[in-house]
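The values are calculated or read from the model by the stated rules, or taken from the named source; none is laboratory data. As the structure is a prediction and not an experimental result, all values here were calculated from the model. Neighbour counts run over all protein chains shown; Cβ positions are idealised from the backbone, glycine included. Ligands, DNA and RNA are stripped out before the accessible areas are found, and what is left, the full protein with its side chains, is counted by its heavy atoms. Shrake-Rupley method; radii C 1.70, N 1.55, O 1.52, S 1.80 Å.
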Amino acid sequence: MEQFYYPRKLQNELYTLYRKKPCLTKLYNSIFDHNFFIEQYKEGIQVLQLYDLRTMELEQIFNLREEKSIKKFGTPIFARSVNERVVAFSTGFRKLFLFFVENGLLLATSEDFGKDVKILLCEFVNEDNTLIIIIQRPENKFGEIYYWNLFSTNDHFKYGGKVNFLKNEKNISSIARIPGKLITINDNGNIFSILDKLTDVCGPEVIGKELHSIVIQKNEVDKVGTPKKMSYSKAKTINNDKKHTVFHRKDSHGEETKPLVNNKEPWAMDNYKRISVYLDDEENIQLFIGRSTIQVWRNKSTGNELEYIWANNVKADNEKDFPLVITELCVGDRSFYAKVWWAELKPDEYFEIRWPYNDNHVTPIKHACDTLEHLYYRRKNLVGHRKQREFESMKDRISYIIWRFIKNKPNIWRLMDMRYDIMAKIIIGGSHTLVKYILFGDGNEEDRNLHIPKLKRCYDEDEEKFTEEVIKEKEKKLDIKNLSDLQIAIRLCKGGLEFNRRSLIVAYLLEYYTSSRSLKHIGWLCTVSGALPDLYKYNLSLCISGYEISNLIEYKDLLPKVVEVEVKASQEEFRAFSPNTTLISKGESRRPIRYYPTKYYANIFFNIEDFSPTIKIVPLYNFTVCELHKRKNDMAQSTPSSPLSIIANFLLKVFRYLFIPRRYLTNNKEEPSKLSPLVQIVRNEEDDDILDNPAIEAAINYKWGPAKKYFLRLFFTYILFATCFAALAGCYLGHIEATGHLRDFLVFIFVLFYYSGIYLFSVEIIQFLHHSWRHYLDFFNFVDLASVVFSLVLISVYVTPTFKLSNAFADVASTSNISAGLSFIMLLLWFEFILYLRLFSEPAKYLYIVLNIIKKTYLFVVFMLLVVLALAHAFLLLLQHMEFHDLDDITPQTTSYTLRNNAGDTTGTAQQIFDRIQDNPSKDFGTSFLATYAWLRGSYPQETTWNSWAVEALTLIGSLFLITVIQNIFIAFIWAVYTEASEKGRVALLKFRAGLISDFEALNEIHFSSPAPEPKYIYSLGNPKSYDAWEKLVKEREGKKLYDDLEEKMNKTKLLFKEKDDENSLLIYEKDEKLVKEREKMKLYDLERIIDKIKEKDEKSVKEGEAKKLVYDLEGLMNEVKLSIKEKSDNNNDDSYSLRSEESIDEDYEYGDDGDYDDDDDDV
């Protein structure tokens, strides 16, 4: 059995506090199924760590920012939902907290049960829709049950009665707990399961009204009540199409009737069959069933209001061919039930739509969000301005329904956002004002965090109802299952008229995720990492700061020992690393081999006693995780292994490592999304500024380690190749004669040369196939290829054929051209060697300075050469034809020499022989150009050769312009470029390394042992060099929102809806009277208990003095609470709201009452 160490903080706690008493209770309360919860405190901050005991991996960190109202802590209570997405936690008293496991964010907080109320147990039941909570009040023998129906506005918090459940914290053997089960022993010694009996009544009460009239029934299904026959008529239209049937409650209708609404599907341009049914005796509420939607409208004095809408989201192109088929329709008073089918569903599947729903508002709001998506895919089917206004009006009405729910039930909306895809549907629908309200409110509300970012979406059981063909077609469109909300918003920014509105939604989401809330928890940025490849054109400086984690968790639990001693030894200011996220096995060596020499070196040369580093998290989730490597590692682990196969596999890996260059895992054009977000950014981004921020620098710093090892291997292979070339070329040109061992050594050099050369050439071929020929349009990539190819060709053509085993190169007959070729190739190899030095930091910066100077000044150099060319041409015309006698007045400047003997006596004179043609520095254009170019190094050949006023005049004019002016400007220009290059050298180094990392990640690297998995988050020690500049940029942007500039381009940026009292609305948001009563009962209970304690303590003191006054005041307060409960029980006039908005709902278009019965074909 394998054993593991506890985290350091818990380990110290167990050794200190539980030295003389058993710690089983502590551990029992921390383990639930395969989950291990660890509660820690550091510097006043409460932290909850969640470990998965199946992998011993740290799954999530929850930051519990304590509320001031909770001052008492008991035994921690934990629970995890069956789908493992939500964790429930309590300190043991008063409140319960729900956290989202995926990102560690707080989802919801339960109601306050009261002071000193102990929470004994919580458990997720009813398919994670309900949380059972058992509490115990002081001095009460029995526990109380509460049902927290998370996704329902009906009985959202429900009292379930009392239960005989006492939790013996000292005797944990009396309780056995598994997900969904709690086995315990009662006072009589009987074993029973508490939760089995409680789950039957956990959900909200079934609400609904009697369905007394059957309109359509194709199957024999019994309904409550006696079916009534409803009268019907045709809707009154101009062209009498008779396609709209209206069922009435009143009998006083003729053959044709004007309905409340006639055609509320503006995108449907043809006449089609539709049904309307009145749901009340006054015929003010109309159920409308169209081709793809079911709607409920209500008539008011101010116009018609949309109360409910459902859409089947059929593909827009198929809507006409796949209309809704009503197999069953029953109605009652303000209620209905419909069973529908359409051709995209399997034959035996159907959807049920009803009103009301047991969860009250939740399902209708889901349907409203789905309908916004339904409308988006039909926006291009609109014809005419009237249809466009009807379409926008319907979007506003749906947005208003959603807005009212969010305003009145914000906490339930947050839970719904976690469970359902409602935010994604709103984003697709394009309601940017509604998105802004969800994210930021109306400015008068506190920050409610109503939207929770998520990477994984819950399973949708409705998907199984569709045929496989339909599912495949849906995946071809915007497949939201594998996209975050931010990615969906980005993918919809496709230009056109909607571009500004879509970009504004992206800006809203970015501002929401990257605002001050991201400094409190990195979970807010969990979806930003995957969206960064699509966001490189945005300014991301605000969303990539580091999050300090060492103030929450002991740094020794996170920092690997090897990294710790290496940082101490190297005195690095910045280091990115993969943290310890697993519990360390006791059988695992904690001290790798390289740990000891590094540690001794650090102890000798550095003072490392006071090492307390600041550790930060790069808040970009899975930023360096490559799906291609994960898939490859999974396949390798699934391969069966036997001792023989292990040995064979090892030998094969050695052979491949030595002789087969690494191939790419994927084509450059295929599966780009399978690469890590970091590499996707590097491949898409052309601007270097994206690299100049702490997060990207930390990611590159982390990924550079393994990539550097691979490219260093290529570097050493190249050194071997170049060394062999130099040796062979030197022996060839030196006509070296070799026999015996020296000859054999030369043969060995040939073998090494061709091995290294073919290997490097194969690498270039693989890169060519992966990147295509455009890869070699880059100068440095071309040099890589040319240095190898030219060397192989020259050696193979000239050197190898002349080598003889008898005397090596003794019989070689070389030429000057061959010597020149070999010398130029050697120069090219040295240049390539210098370029390889970019693998090291300091040489890379120097090289960048040189290359940047060349890049910035080449145009100026070309200009200088043009001036040299002009002067050279002038001298060519003046001095080229000096052999003609008519130019004898231009005499050469010859030099005379005096000859002396050893004694110093003059023996004669000698004069330089000058050939006017051969010694002329301007005899041809090339010679004249080189002679003029020599001015730049201080030599003036024309002036020193000829005596002529014209030569002196041209030299004076040319030197003033070329030397005095242009050359000095060039020197100053180089200095300015040098200063700029020095400042940007670090960014250039990051860009170079990022490019190599991008190439390395796509390679099929060989590992002789299982590689460590990529961390979810990268951790770092210290601050990178870009931190100061980044911090300055952040301060400059303080107070400015990411969406400010985009909002200036929009006419409408806020929702202007208002609520009014309307007791007849189907969507009344009642105050939860049951919850109010429960709270007041808790207060009443506390007051009674205080009074009893005072009376029991000293009955005499109650009769007089301050104690008597205190009891009198408490009794008066208790009576007021009782009276309040009674008044609220008798008062049924709850606050209600009307469906009106100031902006669009109150608008009366020219088609009248919003119920114009003219057939819509007339507008077409």
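If you go through segment 770-785 and keep only what is surrounded by 13 or more Cβ atoms within 10 Å (Cβ to Cβ) and more than 22 Å from residue 712 (Cβ to Cβ), you end up with just 776. Restricting the first member to segment 796-816 and to residues that are within 18 Å of residue 758 (Cβ to Cβ), and the second to residues that are of a type outside the set (Val, Ile, Thr), the beta-carbon pairs closer than 6 Å and six or more apart or on different chains are 799/728; 799/732.
Just one of the listed residues (738, 695) is at pLDDT below 90, farther than 30 Å from residue 678 by Cα and surrounded by 18 or more Cβ atoms within 10 Å (Cβ to Cβ), and it is 738.
Listed here are the residues, each with its yes/no results for (1) at pLDDT 90 or above; (2) closer than 19 Å to residue 230 by Cα; (3) open to solvent by less than 10 Å² (accessible area, probe 1.4 Å).
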| site | (1), (2), (3) |
| --- | --- |
| 266 | no, no, yes |
| 271 | no, no, no |
| 280 | no, yes, no |
| 287 | yes, yes, yes |
| 292 | yes, no, yes |
| 300 | no, no, no |
| 306 | yes, no, yes |
| 331 | no, yes, yes |
| 353 | yes, no, yes |
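Residue 456 falls short on exactly one of the conditions (1) open to solvent by less than 40 Å² (accessible area, probe 1.4 Å); (2) modelled with pLDDT of 85 or more, and that condition is (1). Considered as a group, the residues in segment 609-655 that are touching a helix residue (DSSP H, G or I) at 6+ places or on another chain (Cβ under 9 Å) and at pLDDT below 65 include one that is least open to solvent (accessible area, probe 1.4 Å), and that residue is 611.
When segment 869-891 is limited to residues that are free of Cβ contacts under 8 Å to residues at least 12 places away in the same chain and part of a helix (DSSP H, G or I), the one that is surrounded by the most Cβ atoms within 10 Å (Cβ to Cβ) turns out to be 887. Against the numbered list (1) open to solvent by less than 40 Å² (accessible area, probe 1.4 Å); (2) under 17 Å from residue 150 (Cβ atoms), residue 373 comes up short only at (2). With respect to residue 394, determine if the residue is touching a strand residue (DSSP E or B) at 6+ places or on another chain (Cβ under 9 Å), over 23 Å from residue 315 (Cα atoms) and surrounded by 21 or more Cβ atoms within 10 Å (Cβ to Cβ). The answer is no for residue 394.
Within segment 795-835, being hydroxyl-bearing (Ser, Thr, Tyr) and part of a helix (DSSP H, G or I) holds for 796, 798, 800, 802, 816, 819, 823. Set side by side, the residues 1003, 960, 954 differ, and just one is farther than 30 Å from residue 648 by Cβ, among the aliphatic types (A, V, I, L, M) and open to solvent by less than 70 Å² (accessible area, probe 1.4 Å), which is 954. Quick check: anything in segment 170-185 modelled with pLDDT of 80 or more and surrounded by fewer than 16 Cβ atoms within 10 Å (Cβ to Cβ)? No. Within segment 974-1003, the set of residues being of a type in the set (A, V, I, L, M), under 33 Å from the mean Cα position of the chain (by Cα) and in a helix (DSSP H, G or I) comprises 981, 987, 988, 989, 990, 994, 996, 997. Counting only residues that are at pLDDT 70 or above and charged (D, E, K, R), which one in segment 430-446 is nearest to residue 500 (Cα to Cα)? Filtering segment 430-446 for residues that are at pLDDT 70 or above and charged (D, E, K, R), the one nearest to residue 500 (Cα to Cα) comes out as 436.
Look at residue 729 and say whether it is at pLDDT 90 or above, open to solvent by less than 40 Å² (accessible area, probe 1.4 Å) and under 33 Å from the mean Cα position of the chain (by Cα). The answer is no for residue 729. Pairing residues of segment 750-777 that are in the same structural domain as residue 729 (by the TED database) with residues that are open to solvent by less than 40 Å² (accessible area, probe 1.4 Å) and acidic (Asp, Glu), at Cβ distances under 8 Å and at least 6 apart in sequence or on separate chains, gives 764/784; 767/999. Of everything in segment 911-951 that is among the hydroxyl-bearing types (Ser, Thr, Tyr) and not in a helix (DSSP H, G or I), the residue that is surrounded by the most Cβ atoms within 10 Å (Cβ to Cβ) is 922.
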